[in-house]
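Chemist: Sending over a structure as structure tokens; questions will come in a sec.
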Ligand code: GLA
């Protein structure tokens, strides 16, 4: 009998505290890996990867020579297939997927699945390579031309810190969450819809603006004013002002200026709502509700948009009153956590 070795890989989800729709034009983002994540346990054998998930009715069964991950069924198997296509493991695997992340809520559940599957299938390269590989797998699986934030945050998480990521240099600077502050997530109750096609549209709009004025990462507000088409000008304005807000937010945290940091989150939400048009009435309403609570410093949509979770920066002593105010919505206090690991 051949003996098989058991591998367990864990990858966290992420919440993006500020800096959305900036990663795919080489801008700045400030997410953190959270204390919810996905665990993949496998034994290696055979010529396919067969995984059962505790949150999906049907298993994913992917042959090692999968040609087109985007056609795998059921839908969650596409992420597994994307990873199989990228890692190209010599041997298959059978095992389980367990997750504490809400799926499709804007907390990086697909990135956590990708990273955990890649590690479980034996990927052992550098963390940045892992993030890049998983980003490619996501694009192949879902057709969404996503940036690298979710995968890099899952891989590079640091306990107690947010991660200032320069998406051009692909550098990660840990930025400690100050004492007395907490990051909460409240689910809007709206499952994300249409995110895929609208995401690709926004990315194309950013590229059209860049064709006119050069990299948005380097553009000034004056450059933005020169964009001819009003809609593209608004998209570009969001990206340019959001990059500046991320850097200002990191500075405010370093100074312990939580009030200033919170105001930047509210401005970020307004920009995503008005200039980038990726928010929804349910997200807008939840952000306004949260920001009226004493001790809530700021709140905004997080991730791609179109539903899911709202993130809030709050004074630690106000967590109870937030919990009491959100009714029957699901909410979490997120702890900034370590990145993915194999055991
Ligand atoms: C999704 C993508 C990320 C990023 C965000 C928006 O989460 O996967 O790469 O673009 O949307 O900031």
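Just so it is clear, none of the values below were taken in a lab; they were calculated from the coordinates. All values derive from a computational prediction rather than experimental measurement. All Cβ positions, glycine included, derive from the backbone under ideal geometry; neighbour counts span all protein chains shown.
Chemist: Output needed: percent of Cα pairs per 5 Å distance bin for the stretch 177-334, bins running from 0 to the one holding the longest distance.
Modeler: Result returned by the calculation: 2, 9, 18, 19, 18, 15, 11, 6, 3, 1.
Chemist: What number, in percent, do you get for the relative contact order of the stretch 6-175 if the mean sequence gap of Cα pairs under 8 Å and at least 6 apart is divided by its residue count?
Modeler: 30
Chemist: Taking the alpha-carbon centroid of each part, what is the distance from the stretch 104-173 to the stretch 30-91 in angstrom?
Modeler: 15
Chemist: Give me P(r) over the stretch 1-160, computed from all C-alpha to C-alpha distances, binned every 10 Å, as integer percentages.
Modeler: 12, 44, 34, 9, 1, 0
Chemist: Test of understanding: ordering 110, 142, 197 by Cβ neighbours within 10 Å, fewest first, what list do you get?
Modeler: 197, 142, 110
Chemist: Let me ask something else. Would you please classify the overall shape of the stretch 259-340 from the alpha carbon gyration tensor, given that a ≥ b ≥ c denote the square roots of the eigenvalues, rounded means a/c under 1.5, and beyond that prolate means a/b larger than b/c while oblate covers the rest?
Modeler: rounded
Chemist: Quick check on the chain: what are the equivalent-ellipsoid semi-axes from the Cα gyration tensor, as sqrt(5λ), descending, whole Å?
Modeler: Equivalent ellipsoid of the chain: 33, 23, 18 Å, largest first.
Chemist: How much mean residue ellipticity at 222 nm does the chain get from its helices, if each DSSP H run of length 4 or more adds -39500 (n - 2.57) and you divide by all residues, to the nearest 500 deg cm²/dmol?
Modeler: Calculated at 222 nm, the ellipticity per residue is -12000 deg cm²/dmol.
Chemist: Roughly how many whole Å is it from the C-alpha centroid of the stretch 275-299 to that of the stretch 175-194?
Modeler: 11
Chemist: Once all Cα-Cα distances of the stretch 181-272 are split into 5 Å bins that start at 0, what whole-number percent is in each one?
Modeler: P(r) for the stretch 181-272, in whole percents per bin: 3, 12, 18, 18, 17, 15, 12, 5, 0.
Chemist: Kirkwood hydrodynamic radius of the stretch 103-192 from all distinct Cα pairs, in Å?
Modeler: Taking the inverse mean of 1/r over all distinct Cα pairs, the stretch 103-192 comes out at 14.4 Å.
Chemist: Classify the stretch 71-154 as rounded, prolate or oblate, taking a ≥ b ≥ c as the square roots of the eigenvalues of its Cα gyration tensor: rounded when a/c is under 1.5, otherwise prolate if a/b is larger than b/c and oblate if not.
Modeler: The shape class here is rounded.
Chemist: Which distance in nm do the two modelled labels at residue 98 and residue 218 give, with both placed 7 Å along the Cα-to-Cβ direction?
Modeler: If labels sit at residue 98 and residue 218, their model points lie 5.0 nm apart.
Chemist: While we're here: Which order do 217, 6 fall in if you start with the one that has the fewest other Cβ atoms within 10 Å?
Modeler: Result, fewest neighbours first: 6, 217.
Chemist: So what is the relative contact order for the chain, in percent, with contacts set as C-alpha pairs under 8 Å and at least six apart?
Modeler: 24
Chemist: So what is the relative contact order of the stretch 220-307, in percent, for Cα pairs below 8 Å that sit 6 or more residues apart?
Modeler: 26
Chemist: Separate question: What ranking of 332, 76 emerges when the number of other C-beta atoms within 10 Å of each C-beta is taken as an exposure proxy, fewest first?
Modeler: Listed from fewest to most nearby Cβ atoms, that is 332, 76.
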